[in-house]
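Everything below concerns the one structure shown next.
The values are calculated or read from the model by the stated rules, or taken from the named source; none is laboratory data. Please read these numbers as outputs of a predicted model, since none were measured by experiment. Every residue, glycine as well, gets a Cβ built from its backbone with ideal geometry; the counts of neighbours run over all protein chains shown. Areas reflect the complete protein model, heavy atoms only, side chains present, ligands, DNA and RNA absent. Shrake-Rupley method; radii C 1.70, N 1.55, O 1.52, S 1.80 Å.
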Amino acid sequence: AVLLMKFAAEASRYFEHAEVIELHHNQKLDAPSGTALLTAQNMWQARLDQKKSTFGADNAKDSELLPGARGAKAKGNLHIHSIRLPGLVAHQEVLFGSKGQLLTLRHDSFDRTCFMPGVALAAHEIVKSPPGELVVGLEHFL
């Protein structure tokens, strides 16, 4: 998932159009997920760093027949879609589109055991941080 976020930020420098889709189990309380929000934030920051415009600047004006059908809008006009269904664990997809092509980045967690190496790494590394320092994100330890 950390690599997906890194790759998505990099691709944001080259694509004018992108959307984030995150899928989780139906007992997850927040929507969108923190990972999706951080992904979107990193993507928007990558565009700002390159002095690029918002995502989808040339899109037709949204005219949703049902409110929320196009997902929530994050900074930079980036749409985030949240799916909650039984049977899912944690999944995220970032779609980048331009004329004649689509780039899809996707990460799937099928079992929570895949989170354990990251938890162990964070527990091992966080003790090296100065007392009281807030560290958010596993990417700081990789």
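Over the stretch 7-58, the ratio between the Cα radius of gyration and 2.2 N^0.38 Å evaluates to 1.26. The mean sequence separation of alpha-carbon pairs under 8 Å and at least six residues apart, normalised by the residue count of the chain, gives a relative contact order of 31 percent. Counting only DSSP H runs of at least 4 residues, each contributing -39500 (n - 2.57), and dividing by the residue count of the chain, the helix-based mean residue ellipticity at 222 nm comes to -8500 deg cm²/dmol. Residue separation times 0.36 nm, minus the C-alpha to C-alpha distance between GLN45 and GLU64: what's the value? So the extension gain works out to 4.1 nm. Once all protein chains are placed together, LEU134 keeps about 150 Å² accessible to a 1.4 angstrom probe. Ranking PHE115, PHE7, GLY100 by Cα position along the charge dipole of the chain, where only Lys, Arg, Asp and Glu carry charges on their C-beta atoms, puts GLY100 farthest toward the positive end.
How large is log10 of I(q)/I(0) for the stretch 70-140 at q = 0.12, 0.18 Å⁻¹ when the intensity is taken from the Debye formula with one equal scatterer per alpha-carbon? Those come out to -0.57, -0.99, one per q. Under a 5 Å amide H cut-off, with hydrogens placed 1.01 Å from N, HIS17 pairs with GLY56, GLY97 among residues at least 5 apart or on other chains.
Accessible surface for the chain, divided over its residues, is 64 Å² per residue with a 1.4 Å probe.
Within 10 Å, at most 10 other Cβ atoms, and a DSSP state outside H, G, I, E, B define an exposed site. Report the longest part of the chain free of exposed GluC sites (Glu not before Pro).
Details: sites that count: GLU64, GLU133.
Free of exposed loop sites, the longest segment is 65-132.
Counting protein heavy atoms only, the stretch 1-98 has 59 percent of its accessible area on carbon and sulfur, 1.4 angstrom probe. Projected label points at VAL136 and ASN26, each 7 Å from Cα along the beta carbon direction, are separated by 3.0 nanometres.
Give LYS6/LYS51; LYS6/LYS52; LYS6/LYS28; LYS51/LYS75; LYS28/LYS73; LYS6/LYS128 a once-over and call out the pairs whose C-alpha atoms are over 22 Å from each other.
Values: LYS6/LYS51 19 Å; LYS6/LYS52 18 Å; LYS6/LYS28 24 Å; LYS51/LYS75 15 Å; LYS28/LYS73 20 Å; LYS6/LYS128 24 Å.
Check vs 22 Å cut-off fails for LYS6/LYS28; LYS6/LYS128.
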